[in-house]
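The values are calculated or read from the model by the stated rules, or taken from the named source; none is laboratory data. In this text, all values refer to a predicted model and were calculated from it rather than measured experimentally. Cβ atoms come from the backbone with ideal geometry, glycine included; neighbour counts cover every protein chain shown. The protein model used for the area step is the full one, side chains on, heavy atoms only, and it has no ligands, DNA or RNA in it. Shrake-Rupley method; radii C 1.70, N 1.55, O 1.52, S 1.80 Å.
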Amino acid sequence: MVSVTSEASRSRSKKVCVIGAGPAGLVSARELRKEGHKVVVLEQNDDVGGQWLYQPNVEEEDPLGRSSGSIDGELKVHSSIYSSLRLTSPREIMGYSDFPFLAKKGRDMRRFPGHKELWLYLKDFSETFGLREMIRFKVRVEFVGEKEEEDDVIKKWIVRSREKLSGKVMEEIFDAVVVATGHYSHPRLPSIKGMDSWKRKQIHSHVYRVPDPFRNEVVVVVGNSMSGQDISMELVEVAKEVHLSAKTLDISSGLSKVISKHSNLLIHPQIESLEDDGRVIFVDGSWVVADTILYCTGYSYKFPFLESKGRIEVDDDRVGPLFEHTFPPCLSPSLSFVGIPRKLIGFPFFEAQAKWIAQVLSGKSSLPSPDQMLQSVADFYRSRDLAGVPKHNTHDIADFTYCDKYADYVGFPHLEEWRKLLCLSALNNSQENLETYRDSWDDHELLQEALQSSHFTNLNS
């Protein structure tokens, strides 16, 4: 590998800005400080947690989460978590390498706990490692851009932020910026004929919190994701009818069981059009008159604060070019992103990625040349295209070994086998037993193996 880190900066501590105090930002702050960097974390909310900091009040948010009405392109509500949400993975696999996600007396001790329990875990993590002292809360980042320098070898960044309460604007210079803003806030919406003129209620799951507002309604849920299924199962208890519109009618046996149990839950293909008389017409010609359409259609990547002069772009949810989904070749290593890849075991992945970034910035680890990184990105895009992966799924990795790639850069242990097997076990169980998999499972032997691993037994070392 060709090092792009100069000898002068090799031993130098960097002043680093981390944007976001969610799971990716918190562990990034810890790893950066561990490497001797001076860290400032900017967080728009009043506490840590990012997506896991539940925000029940969504009245001010646009129902479809469209941010075009705001001056800075930002949303008013960051979290997309609904009240009843429970983890889809068992707690054992979720923890950072040296901070297991333990069940605590007096709290939600279930293996698949509710969202508040994971938020409390993140609070515990930030308290245990003294991270709060690095965080400035209620601060919104408005601009991140390169500082114009005659000496272009060492890049610096201007970060402009605004205190939410006082409106005071701060402009600071940093050696490096780590973007850890998450990717479950900006709704991704389908393009459906008649959508813009349909007069009835349309909302994205970003602003869904509780089922009560949909009592006795006919609701069309668009999208057969885990959240689409969960929300449909919750709505079926209060709504008159729930019509789940999916890309394919080839559904899991778990969902089939749920549908056969509820006469008011029906599955449909995709929507052809929305009509002025309230009808939702599906591609097979069937139709329903709906009160509400609820879009569970996922989220997009957006970085409205970032001025990269076109060197980083989001094209149909492909953020690029990014070497290993982390470093933009032309702006590395002083700009990096944590947590872009999806469909991975999140927290251990964020940790491995954060360690790599911290060590590249300190000079312990080096990157290939910009040209080599660009070639690597081009090769990756080509492989995705050849595999028939749509552009908007570029960052959906769904590969356990990917985490190990980052670990290898910094000599960090690979993802434990028991984490992978417990994850797959939960996934398979959900496919078969959608309603009960969180509370009824048969992976007891795997669980014992996990609990006897060093991840859980080295707590006092």
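Every condition in (1) modelled with pLDDT under 95; (2) open to solvent by 10 Å² or more (accessible area, probe 1.4 Å) is met by residue 321 except one, and the failing one is (1). Restricting attention to the stretch 413-456, the residues being over 15 Å from residue 100 (Cα atoms) and small (Gly, Ala, Ser) number 4. Residue count for the stretch 327-339 under the criterion of being under 17 Å from residue 31 (Cβ atoms), modelled with pLDDT of 95 or more and not polar (S, T, N, Q): the result is 5.
Tell me, which strands (runs of 3 or more DSSP E) lie completely within the stretch 119-205 with 1 or more residues that are more than 30 Å from residue 281 (Cβ to Cβ) and without any contact (Cβ under 8 Å) to a residue 24 or more places away in the chain? The strands (runs of 3 or more DSSP E) meeting that bar are 157-163, 169-174. Under the condition of being surrounded by 20 or more Cβ atoms within 10 Å (Cβ to Cβ) and not in a loop (DSSP other than H, G, I, E, B), the residues counted in the stretch 271-298 number 6. Looking at 371, 399, 404, just one residue is among the charged types (D, E, K, R) and modelled with pLDDT of 95 or more, and that residue is 371. Scanning the stretch 229-285 for residues that are of a type in the set (Lys, Arg) and within 26 Å of residue 193 (Cα to Cα) yields a total of 3. Please go through the stretch 171-185 and give me each residue that is over 21 Å from the mean Cα position of the chain (by Cα) and either open to solvent by less than 60 Å² (accessible area, probe 1.4 Å) or at pLDDT below 95 (or both), ordered by number. Result: 172, 174, 175, 176. Restricted to the stretch 327-354, and to residues there that are part of a loop (DSSP other than H, G, I, E, B) and of a type in the set (Ser, Thr, Tyr), the residue that is nearest to residue 50 (Cα to Cα) is 334. Filter the stretch 205-224 down to the residues that are more than 18 Å from residue 83 (Cβ to Cβ) and open to solvent by 40 Å² or more (accessible area, probe 1.4 Å) and list them by number. Matches in the stretch 205-224: 216, 224. When the stretch 79-121 is filtered for residues that are open to solvent by less than 20 Å² (accessible area, probe 1.4 Å) and of a type in the set (Asp, Glu), the ones remaining, listed by number, are 92, 117. Taking the criterion of being open to solvent by 40 Å² or more (accessible area, probe 1.4 Å), of a type in the set (A, V, I, L, M, F, W, C) and in contact with a helix residue (DSSP H, G or I) (Cβ under 6 Å, 6 or more places away or on another chain), the only residue of the stretch 127-170 that qualifies is 129. Taken over the stretch 360-377, residues that are out of contact with any Ser or Thr (no Cβ under 8 Å at 6 or more places or on another chain) and open to solvent by 40 Å² or more (accessible area, probe 1.4 Å) amount to 6.
Within the stretch 398-414, the set of residues being crowded, with 18+ Cβ neighbours inside 10 Å and either without any contact (Cβ under 8 Å) to a residue 24 or more places away in the chain or more than 12 Å from residue 348 (Cα to Cα) (or both) comprises 409, 410.
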